[in-house]
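So the structure is just underneath, and the comments pick up after that.
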Amino acid sequence: MKAERGFSLIELLIVVVIIGIIAAIAIPNLLASRRAANEASAISALRTLTSAQATYQATVGGGSYAASLSDLQTAGLIDSQLGGGSKSGYNFTGGAVSAQPRFYYTHSATPIVFGTGLSGTGTRSFAVSESGVIYFNNTATAPSINSTTRAVTNGSPLNP
């Protein structure tokens with residue numbers, strides 16, 4: 001009679017434990033990478049909004065900035081996903097901040113789920129104004145830009 005070849009139960013358990021250890025190391029890194037990608041996408045979207053506002057002001061706005069994201073979408077300057085206010089784990093808000101003529105605007109991006117847990121979509125919030133400088137902070141609330149003085153509170157400029 002030939003001896004049967006195969007894996008013993010102990011060998012299979014060792015393989016399962018090794019796979020578990022590898023997963024325990026890899027999953028947090030994958031989640032951190034996803035959050036970093038969401039934040040990079042939010043920064044890119046704010047740059048897109050800055051360009052779209054400048055184009056809107058120079059063309060269909062008659063010297064005024066767009067009052068809302070939907071105005072920019074209607075003008076064909078941003079896509080429907082960004083125009084809907086949510087993209088890549090971030091919520092986007094903002095538009096012109098004064099009555100006609102609209103010489104100022106503010107846009108902000110905040111994580112849909114703030115934090116580093118399994119469902120966290122970001123750990124930084126962002127804001128941009130007509131200056132084009134993107135500000136960030138490490139809270140669930142975007143930096144505040146005063147509608148009169150244009151001074152920024154609760155935020156630091158993002159390095160280029």
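Picking from Gln73, Gln81, Gln53, Gln57, which residue would you name as being touching a strand residue (DSSP E or B) at 6+ places or on another chain (Cβ under 8 Å), free of Cβ contacts under 8 Å to residues at least 24 places away in the same chain and of a type outside the set (Ser, Thr, Tyr)?
Being touching a strand residue (DSSP E or B) at 6+ places or on another chain (Cβ under 8 Å), free of Cβ contacts under 8 Å to residues at least 24 places away in the same chain and of a type outside the set (Ser, Thr, Tyr) holds for just one of Gln73, Gln81, Gln53, Gln57, which is Gln81.
Can you tell me which residues in the range 85-111 are among the small types (Gly, Ala, Ser) and in contact with a helix residue (DSSP H, G or I) (Cβ under 8 Å, 6 or more places away or on another chain)?
Gly85, Ser88, Gly89, Gly94, Gly95, Ala109, listed by residue number.
Assess whether Gly20 counts as being exposed (fewer than 15 other Cβ atoms within 10 Å of the Cβ), farther than 18 Å from Ile145 by Cα and small (Gly, Ala, Ser).
Judged against the criteria, Gly20 is a match.
Would you say Glu11 is free of Cβ contacts under 8 Å to residues at least 12 places away in the same chain and either out of contact with any Asp or Glu (no Cβ under 7 Å at 6 or more places or on another chain) or closer than 18 Å to Phe92 by Cβ (or both)?
yes
Looking at this structure, is Leu13 of a type outside the set (Gly, Ala, Ser), more than 27 Å from Thr141 (Cα to Cα) and out of contact with any His (no Cβ under 8 Å at 6 or more places or on another chain)? Walk me through how you get there before you give the answer.
Working: of a type outside the set (Gly, Ala, Ser): yes; more than 27 Å from Thr141 (Cα to Cα): yes; out of contact with any His (no Cβ under 8 Å at 6 or more places or on another chain): yes.
Criteria met by Leu13.
Taking into account only those residues within the range 97-112 that are of a type outside the set (S, T, N, Q) and in a loop (DSSP other than H, G, I, E, B), which is nearest to Ile134 (Cα to Cα)?
Here the residue is Tyr104.
I need the full set of residues from the range 86-115 which are surrounded by 15 or more Cβ atoms within 10 Å (Cβ to Cβ), more than 11 Å from the chain's Cα centre (by Cα) and at positive phi, in order please.
Gly94, Gly95
Looking at Ala32, Ala58, Ala54, Ala96, which one is within 24 Å of Leu158 (Cβ to Cβ) and either modelled with pLDDT of 95 or more or aromatic (Phe, Trp, Tyr) (or both)?
The unique qualifying residue is Ala54.
For the range 39-69, enumerate the residues that are in a helix (DSSP H, G or I), in contact with a helix residue (DSSP H, G or I) (Cβ under 7 Å, 6 or more places away or on another chain) and exposed (fewer than 15 other Cβ atoms within 10 Å of the Cβ).
Listed by number, the list is empty, since nothing qualifies.
I'd like the residue in the range 119-142 that is over 18 Å from Asn38 (Cβ atoms) and out of contact with any helix residue (DSSP H, G or I) (no Cβ under 8 Å at 6 or more places or on another chain) and, out of all such residues, is surrounded by the fewest Cβ atoms within 10 Å (Cβ to Cβ).
Ser131
Please find, within the range 143-157, the residue that is surrounded by the most Cβ atoms within 10 Å (Cβ to Cβ) out of those that are within 25 Å of Gly120 (Cα to Cα) and hydroxyl-bearing (Ser, Thr, Tyr).
Checked the range 143-157; the qualifying residue surrounded by the most Cβ atoms within 10 Å (Cβ to Cβ) is Ser144.
Assess whether Ser41 counts as being within 27 Å of Ser156 (Cβ to Cβ) and at pLDDT 95 or above. Write out each step before concluding.
Details: within 27 Å of Ser156 (Cβ to Cβ): yes; at pLDDT 95 or above: yes.
So Ser41 passes the test.
The values are calculated or read from the model by the stated rules, or taken from the named source; none is laboratory data. Note that this is a predicted model, so its numbers are computed, not measured. Note: ideal-geometry Cβ built from the backbone for every residue, glycine included; neighbour counts use all protein chains shown.
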